[in-house]
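In what follows, a structure is listed as structure tokens, so that the remarks can point back to it.
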Amino acid sequence: MNGAMKRTMTRLAAVGAVLAMGISLAACEGELPKTTQASTDTQAIPDLTVEQEDAMRTKLMTVIERINDSKNLVNLAQAMTGPELQIRTSEIEIAEKTNNLDPKTKIPTDITQTVIPTDNGWPRSVFTITKTTDDQQSKRLLVFTQDSARTNYKLWGVARLFQGVKLPKFAIPTIGAQNGTQDDSGLLMTPKEAVQRYADVLQNGDKSAYAGEFADDYFRQELGQLQQTVQQGMERNKGTQNQTFTPVDGELRVMRSADGGDLVVAQINSEWTRQAGEGRESQPASESEKALFGDGKPTSTMKVTYVNVVALYIPPKSSAEGAERVVTAMGAERQPIKVEAL
Amino acid sequence: MSETSEKTKTAQRPHEPTRHAKIMRGIVTPIFGLLAVCFIVFGVLNATIWKPSRHIEASAHVQKTQYIMVDSGVLGSVDKDVTVSVLPSNTQADVCMAVGTQKDAAGWVEGHPYVRVTGLDSWTQLSTVDQQAHGTASPSGNDVEFGDSDMWREHVCTVGQARLSLKDMVNTPLVALIDLGATDPASTVTMEWDRQQVPDFAMPFYFAAGLCAILAVLCASVFALEPARRRKAMGLDGMDDDASTFQKIRHVVHGDDDEVSVGEAVAGTFKTVGRSLKRKPRDPAKGHRRHAKAEKPSSPAIVDPSNRNMVADAAAAATVGATSVVNAMDGAEVPEEETAVISPDELQAYFARLAREEHVELPEAPTGELAPVSVNEPHDELDQYDQHDAASGVQDAADDANTESDGVEDGNAEDNSVAEGNSTEADNDADDTADNDNADGDNTADDNTADDSTAADSVEDDSAADGTTAELSADGDNGAADDNVGDDNADIAQADEHDQQEPDEDASTEEGTQQDESDGPTEAEQATSQDEKSTSEHDEEQAEREEEDER
């Protein structure tokens, strides 16, 4: 009996050993995956996807539209910042007075191009070019800015592009471009210099020392014409007029183009002082000024403050010679924000 | 008859498995078969019960941190689709989870400490690392809520558990950022994947099972064959003319004179198994001689010249020793080159010479004494060869000397006594062959030379089997050859069945005896070859004996 028992126990032990070995082999999940950092980390990643930019822009436009309709400026600062905030505020004030929002405030929802930066830090700017408006107005260059990680994008500037102007090429949004700084080198002139010189050219016209560095553009022409007209009127009345253009420090956004140049969007404030001679009153020169001036009492001197937004394209130093070696204004915006009777 | 028995016995040989075949079929093949079965079982288990699970769920418990960042690469580490869920300890807390780029998430948590989920510790545990705050937090009036930020690709903000299902997370620089709120949070982060591709552990087992099965089949069939048979089974001829002498010995000793196909080898395996189970009352391999006659030869008589030589060699070895075998072997090669068949004429000549030699008194008695030693030995070996009917017939005739009717036996006895002295002279096989051919015509009357040698009777019985060796020594026949002529004729009538064969032998013997001593070596040579013939003749004689016994 003991022999039989022993054999049985041996067999049971063998079966148990086989099962134990088998179970220990059981349910291998395979090798644990190793998490490797994606190789794309070394590559620049666009700050926004195209969908994200669209969502952001749509959200902002919705808020702006609502404010346009309600004429309630309380929340405008949530959607706008910088020069555009001032411009739109003025526009809405005028619209309140005249019950008619300036058509130039229209911003189409469809875009032709968006330029998204790959910057890791803040502030960041996104340049977007819209299509022409329904009533055949020119395209708008929108500049959105995110000042810090915890804030959202806001509309910083809008410039109406000149007719027939040729924008520089930028990297596609899935690759992303790069924001520039006001001191970018390798260009015909730094963005800061460009804005300063352009302001001088605006102020002095062809008599400016830098007139040759800038291509003739629609904005200069218009301003010149306006000034001439007002000058003639002033001379008839033995008055004087003076307009000064001053770039605003820090209000400058740069996007580097694919060919090495920079597209600069900057704010240039201008003050227009008109003195009527011979004891006449200096009246607002336009509907907008009139609306802004409102019920003020005109005096012989009137000072109107304008906010100008200009878009300049600065070619790289190594670009072709000749006609190319000038800074070209791509678009501009001009809006009186304050009318004072001094 | 004897020929039939030989054929029968030879035909039974293939069923007798060799030791090599037994090992291969009985041990190695079952081992491989068991291995194949085991591997298949393991393969099936790995494909079913032990299959790696498709759903992977790993979690980590995090405490005292507001922000949890899942590193890039972790989200898509197991599968491209992942579901991330966060369960706060306080189920009423607001929890937000978002997916964005690494730089955006890092910018958001600037100035705050956070916990990083860096990977998988195990298949159920996530590994975490505490990260110190870097930079400084600069809150401003324009700050937005976590869920309102423009930076996130996807986000969700709920009360309690937040789940986010993400797709195509492989090779993306995205991270997940979780905001648990500022109020002393503790939570559990869980990531779930459904693997689309699980590791296949079954295929290697199936592959190994296939290999073992193939090996088992090969071991049972091809590898179990003798190398010679295997070569034949593979289409090669195992016994070329260039085959070494050792191969030939082995070929003969192991008895594989039949070509066996692979199918027959496998069939042989099953027959062996069946036979062990059935316990047949009679083992055909060991069939007794008396039954052998009832069995017809399974195949036509295959004449292998080497066999003839081997018979002579065996007889020579029995009497003289290894050297004779060697000599026989040397002699074996020659006839193969010249003759392929023992013609009846040759046998006739041999018988004639045999009969003649029987009557030779024993000048070489010493050699004759050795004769008895080898008398019985060639019998077993002689059984192998179908073609040695003539020789066996001669031997039978010699054995029948006791029955008085056969003088051939006497002659054989004398031949043996004489032949033994000359057995060493078996080197001259070539000459013997030629001489035998020449002597064929003369040996018709020499078969019954045994009648003359009454004195040799005593030695006859012993030397009957030694008829082969006796024939080798034709010298002693000198004197008896003439006397035996007449006797040969008489004996011829008695040994009807072997007329054709015995006369040949006697004729050759007669020649050997007729020749003088000068021709002794030649005669010896002849005798040698004739003795080789007589090996087969011995078988014939044995068959004759049996038949005569039956009569």
If you find the alpha carbon centre of region B:131-204 and of region B:46-67, how far apart are they in angstrom?
17
Check: C-alpha center region A:158-184 vs C-alpha center region A:267-311, spacing in Å is 33
Want the number for A:D54 to A:A77: 0.36 nm per residue separation, take away the alpha-carbon distance, what's left?
6.3 nm
Show me B:33-41, B:346-354 ranked by packing, highest mean number of other Cβ atoms within 10 Å first.
B:346-354, B:33-41
Give a residue-ordered list of calculated ³J(HN,Hα) values for region A:189-203 (Karplus: 6.51 cos²θ - 1.76 cosθ + 1.60, θ = phi - 60°; whole Hz; x for Gly, Pro).
7, 5, x, 5, 4, 4, 5, 5, 5, 5, 4, 5, 5, 5, 6
Summing +1 for each Lys or Arg and -1 for each Asp or Glu, what net charge is found among the other residues whose Cβ lies under 15 Å from the Cβ of B:L87?
-3
Restricting to Cα pairs under 8 Å and 6 or more apart, the percent relative contact order of region B:89-197 works out to 45
Per residue of B:68-80, what is the mean number of Cβ atoms on other protein chains within 10 angstrom of that residue's Cβ?
3
Report the full-extension gain for the segment B:I27 to B:S59: residue separation times 0.36 nm, less the Cα-Cα distance, to one decimal in nm.
6.2 nm
Cα-Cα longer than 20 Å, checked against A:K106/A:K139; A:K59/A:K192; A:K139/A:K166, kept in input order, equals A:K59/A:K192
Can you list the residues of region B:160-193 whose accessible area drops by at least 40 Å² going from the chain on its own to the full set of protein chains, with a 1.4 Å probe?
B:P173
FRET efficiency, 1/(1 + (r/R0)^6) with R0 22 Å, evaluated for B:N90 and B:D130 via beta carbons:
0.55
At R0 = 25 Å, how high is the FRET efficiency between A:K34 and B:S165 if r is their beta carbon distance? Nearest 0.05 is fine.
0.55
Looking only at other chains, what is the average number of their beta-carbon atoms within 10 angstrom of each beta-carbon in A:148-158?
5
Diffing region A:146-159: the Karplus 3J(HN,Hα) column from phi (6.51, -1.76, 1.60, θ = phi - 60°), in whole Hz with x for Gly and Pro, holds 10, 7, 8, 5, 8, 10, 9, 6, 9, 7, 9, x, 10, 10
With every protein chain left in place and a probe of 1.4 Å, what is the accessible surface of B:R153, to the nearest 10 Å²?
90
For chain A, what does the relative contact order come out to in percent, with C-alpha contacts under 8 Å and a separation of six or more?
16
Shape call for region B:99-167 from the C-alpha gyration tensor, a ≥ b ≥ c root eigenvalues: rounded (a/c under 1.5), prolate (a/b greater than b/c) or oblate?
oblate
Pick from A:S70, A:S282, A:S185: which is most flexible by mean-square fluctuation in a GNM of chain A where alpha carbon atoms under 10 Å apart are linked?
A:S70
Spatial separation of Cα centroids for region A:73-110 and region A:48-63, in angstrom:
18
Which whole number gives the average count of other chain Cβ atoms within 10 Å of the Cβ atoms across peptide B:101-112?
4
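The values are calculated or read from the model by the stated rules, or taken from the named source; none is laboratory data. Note that the coordinates shown come from a computational prediction; the quantities given were computed from them, not determined experimentally. Ideal geometry is used to build each Cβ from the backbone, glycine not excepted, and the neighbour counts take in all protein chains shown. Remember, those area values only see protein heavy atoms, side chains included, never the ligands or the DNA or RNA. Shrake-Rupley method; radii C 1.70, N 1.55, O 1.52, S 1.80 Å.
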